[in-house]
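Here's the structure, in structure tokens; my notes come after.
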Amino acid sequence: MTTSPTPWWYDAVVYQVYVRSFADGLPSPGDGIGDLPGITSRLPHLRELGVDALWITPFYTSPQKDHGYDVADYSDVDPLFGQLADFDTLLVTAHSLDLRVIVDLVPNHTSDQHAWFRAALAAAPGSPERARYLFREGRGADGSEPPNNWMSIFGGPAWTRLPDGSWYLHLFDSTQPDLDWRNPEVGDMFEGVLRSWLDRGVDGFRVDVAHGLYKEESLRDQVLPEKSAGKQAESMVERVVRDEPMWEQPEVHDVYRRWRRVLDSYDGDRMAVAEAWTQTAESMAEFIRPDELHQAFNFGWLSTPWSAADFAEVITGSIAAVSAAAAAPTWVLSNHDVVRHPTRYGGGPSGLARARAATLAMLALPGSAYLYQGEELGLEQVEVPPEARQDPSWFRTGEPGRDGCRVPLPWSGTAPPYGFGGADGTQPWIPQPEGWGDLTVEAQAADPDSTLAFYRRALATRREVFRGADDTTVAESDGDVLVVRRAGITVVLNAGTYPAALPEGEVLISSGPLPGDVLPPDTAAWIR
Ligand code: GLC
């Protein structure tokens, strides 16, 4: 095992590729769905953007009921996305461009098309095949009521009944049965999966629903505050502190200790980052203790409202929580599950100005930053028409769901599919809006004031001034202005409605124009 003093991931900027929506490269008459050859063909965009790594969402064999987060074979590529050889080509090409590659691991549940679940359905209640999942008898005289009151994150009960009367647990879609991690076969299977991708040369894993896996053994009812009884579960983003026998069980940490030993037994700095929607920053930090995973997404930062005081508090709290675990923080503003941040900040020109300002503040913070494809183009959440929606949660709840942040990227041209692929004119799997012609990579690359040009400058400046810099960071609010001091740089972000004074010094970069030596509202700058 060889590890460097400061491993690459410690302060990396990682770009999330949502595979279905990045680039459609397979020569088969464009199916309008992104794939591995598409990613490989667009790696130069990531190189030029200046990120250090990419995280690719699941491209494994899958019936795509949750667009890949329902895995039927963890060690193979779905034909929709290519073949294993295409993955190897992607990896070699990325490495030749100095880009690391993180793949997604989905251990909480399988697809209902996984060989294990098919075998479980074919076997009798009480069989070893069923013991890999959470099958239970129902309640009520005839067992016709679910075994407990848990609700699916995608809406409706978290249990589905089979014709033979047994129920199985699925915290997400009914096509995503939850595994029983108390069965040792499950842990052994995932160690094999981990090794199969490490052997291929991946640099790390993003661990899906890392706060799941284990459930309280009794599978007791969740104690609900009165107002939420009988309602669907809140999305992971909206969760409030409460009784959660399905999340954050102490046993899950032994899984990550085992994985850490596996990761450490390989050459290079192989890493894992947890998608753990924990209740507090402190419980997030438990996933990154020195013998567990390396990083956890900081969803506290993503959920912070547009307020200097709140930003300062989250920055200070996140840094304190991870320092207690002797780890480095991470920062994220957008991903494939949440409303894009320009839209969260109000949309339109001011939403975009705020998004750029928040991004610039984020890129000055110690640790690692995660970007979501399309944010470098300033894309907003798209209003996807009901007939085009595909998110399983839309089908279970009738709520718009997550399709609006998953619209395929515009690369070039003035009309859909904007160079996304499908030379034959095939339209992408989620329709792109009209009017994205000015937002394409091609159009923005030619415009020094574009959001793309701003991201490129910000990442280059980050490398120059913060790579290897001291992590000591002080964040506070001065009225409506967030002030962050680190490594001799002062970062200011004006979250108010009036211009603010700009500190003395050389402006290294700003998220928008700085007319008249003041810091306008919705603007951030780095000053040396
Ligand atoms: C994670 C993924 C999300 C997926 C869910 C179930 O939260 O980010 O997209 O639907 O897990 O796997």
Test: residue in segment 154-164 that is more than 17 Å from GLY187 (Cβ to Cβ), within 15 Å of the ligand (Cβ to nearest atom), touching a strand residue (DSSP E or B) at 6+ places or on another chain (Cβ under 8 Å) and not assigned by TED's automatic domain parsing to the domain that holds GLU191: yes
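Here is a yes/no grid of residues against (1) free of Cβ contacts under 8 Å to residues at least 40 places away in the same chain; (2) more than 29 Å from the chain's Cα centre (by Cα); (3) at negative phi:
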position: GLU476; (1), (2), (3): no, no, yes
position: GLY479; (1), (2), (3): no, yes, no
position: PRO499; (1), (2), (3): yes, yes, yes
position: PRO513; (1), (2), (3): yes, yes, yes
Flag if ALA85 is over 29 Å from TYR370 (Cβ atoms), surrounded by fewer than 16 Cβ atoms within 10 Å (Cβ to Cβ) and not hydroxyl-bearing (Ser, Thr, Tyr): no
All positions within segment 254-269 that are in contact with a Leu (Cβ under 8 Å, 6 or more places away or on another chain) and outside any loop (DSSP other than H, G, I, E, B): VAL255, TYR256, TRP259, ARG260, VAL262, LEU263
Sole residue being open to solvent by 10 Å² or more (accessible area, probe 1.4 Å), assigned to a helix (DSSP H, G or I) and either modelled with pLDDT of 95 or more or not assigned by TED's automatic domain parsing to the domain that holds ALA53 (or both), chosen from PRO349, PRO431, PRO342: PRO349
Residue within segment 137-151 that is polar (S, T, N, Q), under 31 Å from the mean Cα position of the chain (by Cα) and in a loop (DSSP other than H, G, I, E, B) present: yes
Meets criteria (within 16 Å of the ligand (Cβ to nearest atom), more than 18 Å from the chain's Cα centre (by Cα) and either at pLDDT 95 or above or open to solvent by 10 Å² or more (accessible area, probe 1.4 Å) (or both)) for TYR74: yes
Subset of segment 101-149 that is within 16 Å of the ligand (Cβ to nearest atom) and of a type in the set (Val, Ile, Thr) - its residue that is surrounded by the most Cβ atoms within 10 Å (Cβ to Cβ): THR110
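Given the condition of a type in the set (Lys, Arg) and modelled with pLDDT under 95, answer yes or no: does some residue in segment 389-400 qualify?
yes
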Pairs, first in contact (Cβ under 8 Å) with a residue 24 or more places away in the chain in segment 248-271, second among the aromatic types (Phe, Trp, Tyr), C-beta under 7 Å, six or more apart: GLN249/TYR214; GLU251/TYR214; VAL252/TYR214; VAL255/TRP181; TYR256/PHE287; ASP269/TRP8; ASP269/TRP9; MET271/TRP9
Wholly within segment 270-324, helices (runs of 4 or more DSSP H) carrying at least 3 residues that are in the same structural domain as VAL252 (by TED's automatic domain parsing), open to solvent by 30 Å² or more (accessible area, probe 1.4 Å) and of a type outside the set (A, V, I, L, M): 308-324
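The values are calculated or read from the model by the stated rules, or taken from the named source; none is laboratory data. Not measured: the values here are computed from a predicted model. No Cβ is skipped: glycine too gets one built from the backbone with ideal geometry, and neighbour counts run over all protein chains shown. Protein only, heavy atoms only, side chains kept; ligands, DNA and RNA dropped before computing areas. Shrake-Rupley method; radii C 1.70, N 1.55, O 1.52, S 1.80 Å.
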